[in-house]
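Participant: Before I ask anything, let me first share the structure, which is written out below as structure tokens.
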Amino acid sequence: MGNDNEITKGHGRSLFLPDEIHDRDGTGQVYVLEEEFARSRKNRNLRLYAFLVAFTALLAGGVFLFRLWSEGRERLVEVDISDFEDLRLREVMSSARKRRGNIDVLHIELRMLEVAMLDEMLRVRRDYQSRGNALLDAAASDGAVDAQLRGLDERERRAVERIRSAYRARIRAKKAEIWSLEEAREEEEKELEVKGADTRLSNEDRLYALRMKQLREKQEYGVEALKRYYDAQAEFLTARYNPVMGGRVRKAMELGAGKPSVTGGMALKEYDAILDDHGVAPGDFTALRNRIGAQGDLLRRLQRVPYVNSVPGALDALDRLSGSIVAEYERIWTALAAALHRAERLRERYDYPFEYVLGARREQGMILDPRDPDDILVYMRRSLDVQDGRRASVFHGDRLVGTIRLYRIAGGHYRGRTVTLVDKKEPFRPINRVVLEAKL
């Protein structure tokens, strides 16, 4: 070709190919990436980097300082003297709130002290009441019991006064603490009122004050309601166990007015031996008197209980009504005993002719009233010892009428019961002779 010479022109080197390719001997320089990076690291400009870092830090610090200055300027612009006043009001309100809470707590502690004092006093009163009941239940004279009860009352009064004195100082200190806090609270409330706290307090403070007011009102209402309940309960129990009586009961109570009382020591008469002949044994009479004495002891004990309303009057009326019944019983039995004595004297006068006739005829007894075959009235001589069930023969003159059995009755007379009858058409007649059969 015509340009072949141009390619090899210039010392045999190609104008287009690099030396590494043109050099056929391979002696050209090789490019290594790691070595090039190492050369570039050595050739860095450290001043340039330092300048960039310093410039960036300065710029960031300026922005931060500017922001702080802007925020501080805004706060300085918005702060007003009213903010400090509100802060002071809030502090006063918070203090008053805490103080009210402390006052409420102290009031509770005061009530607990008073309740503890009353509880100890009640325990002492119950103890002395138990001792008094034991004295009243003892079998002692009223005078001795009354003297011991007065001593118990005096010791109870001193014990209660010691308890009251022990709690008085603590209660006084607690009240003084409450008064001190209340004075401080009043000063705080005056300060709040003067500074117009009602118009500048937050809704939260107003809500808290309202809730505290409602809580105190509920607490006071609850205490008053509880007190009213216990008062009503006490009145109910008093009326239930101490009723006011009327109607027939009131009239019955009036019946005892002016009558003798069982507890007043009634004069009772001694036992009359004539009662024994008519079925009232001495043991029965003594048992009845013992029951009258027990009734007096029971009434006397009940009258010492501090009842109210109509109960004391009812017990007194019961005492006097019982006394009037006992007095009337005494009058009746003594009158009957007197009548028995008169009848006994009259019987003795009738017995005289019977004894005289039987003695003159040398007979043992006679029939007085034969109308009831099982209850024939028979008179036997006083000198005879006739056992119950003794068999006797009945004669009309010398003729046997029948046989009977004899049983002793009151007044020395005998009751005869028919055993046999010889002729049913001829019964026993008055004045028939009675002869005791021989004992087998």
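The values are calculated or read from the model by the stated rules, or taken from the named source; none is laboratory data. Not measured: the values here are computed from a predicted model. Glycine gets a Cβ as well: all are built from the backbone with ideal geometry, and neighbour counts include every protein chain shown. What goes into the accessible areas is simple: the full protein's heavy atoms, side chains included, and nothing from ligands, DNA or RNA. Shrake-Rupley method; radii C 1.70, N 1.55, O 1.52, S 1.80 Å.
Participant: Take the residues of the range 327-381 that are under 60 Å from the mean Cα position of the chain (by Cα) and touching a residue at least 12 places away in the same chain (Cβ under 8 Å): which is farthest from V419 (Cα to Cα)?
Facilitator: Among those residues, the one meeting the criterion is A327.
Participant: Go through the range 304-329 and count every residue that is in a helix (DSSP H, G or I) and either buried (at least 19 other Cβ atoms within 10 Å of the Cβ) or not β-branched (V, I, T) (or both).
Facilitator: Here the count works out to 17.
Participant: Kindly list the number of the only condition in (1) exposed (fewer than 14 other Cβ atoms within 10 Å of the Cβ); (2) more than 14 Å from V435 (Cα to Cα); (3) modelled with pLDDT of 90 or more that fails for R349.
Facilitator: With (1) exposed (fewer than 14 other Cβ atoms within 10 Å of the Cβ); (2) more than 14 Å from V435 (Cα to Cα); (3) modelled with pLDDT of 90 or more applied to R349, the lone miss is (3).
Participant: Tell me, yes or no, whether the range 139-154 has at least one residue that is modelled with pLDDT under 65 and within 30 Å of T263 (Cβ to Cβ).
Facilitator: yes
Participant: Restrict the check to the range 351-369 and report whether at least one residue is part of a loop (DSSP other than H, G, I, E, B), under 30 Å from K425 (Cβ atoms) and of a type in the set (A, V, I, L, M, F, W, C).
Facilitator: Among the residues of the range 351-369, not one is part of a loop (DSSP other than H, G, I, E, B), under 30 Å from K425 (Cβ atoms) and of a type in the set (A, V, I, L, M, F, W, C), which makes the answer no.
Participant: Oh, and also: Can you give me the number of residues within the range 281-300 that are touching a residue at least 24 places away in the same chain (Cβ under 8 Å) and touching a Leu at 6+ places or on another chain (Cβ under 7 Å)?
Facilitator: So the answer is 1.
Participant: Regarding Y407, is this residue at negative phi, touching a residue at least 24 places away in the same chain (Cβ under 8 Å) and open to solvent by less than 60 Å² (accessible area, probe 1.4 Å)?
Facilitator: No.
For (1) open to solvent by 70 Å² or more (accessible area, probe 1.4 Å); (2) modelled with pLDDT of 80 or more; (3) β-branched (V, I, T); (4) not in a helix (DSSP H, G or I), each residue gets a yes or a no:
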site: E188; (1), (2), (3), (4): no, no, no, no
site: L207; (1), (2), (3), (4): yes, no, no, no
site: K213; (1), (2), (3), (4): yes, no, no, no
site: Q219; (1), (2), (3), (4): yes, no, no, no
site: L226; (1), (2), (3), (4): yes, no, no, no
site: Y230; (1), (2), (3), (4): yes, no, no, no
site: E270; (1), (2), (3), (4): yes, yes, no, yes
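Participant: Would you pick out the residues in the range 352-368 that are modelled with pLDDT of 90 or more and out of contact with any Pro (no Cβ under 7 Å at 6 or more places or on another chain)?
Facilitator: Hits for the range 352-368 are Q364, G365, M366.
Participant: Which condition breaks for A338 when tested against (1) at pLDDT 90 or above; (2) surrounded by 14 or more Cβ atoms within 10 Å (Cβ to Cβ)?
Facilitator: (2)
Participant: Consider A392 carefully, then state whether it is more than 26 Å from A337 (Cα to Cα) and either in a loop (DSSP other than H, G, I, E, B) or open to solvent by less than 20 Å² (accessible area, probe 1.4 Å) (or both).
Facilitator: It is true that A392 is more than 26 Å from A337 (Cα to Cα) and either in a loop (DSSP other than H, G, I, E, B) or open to solvent by less than 20 Å² (accessible area, probe 1.4 Å) (or both).
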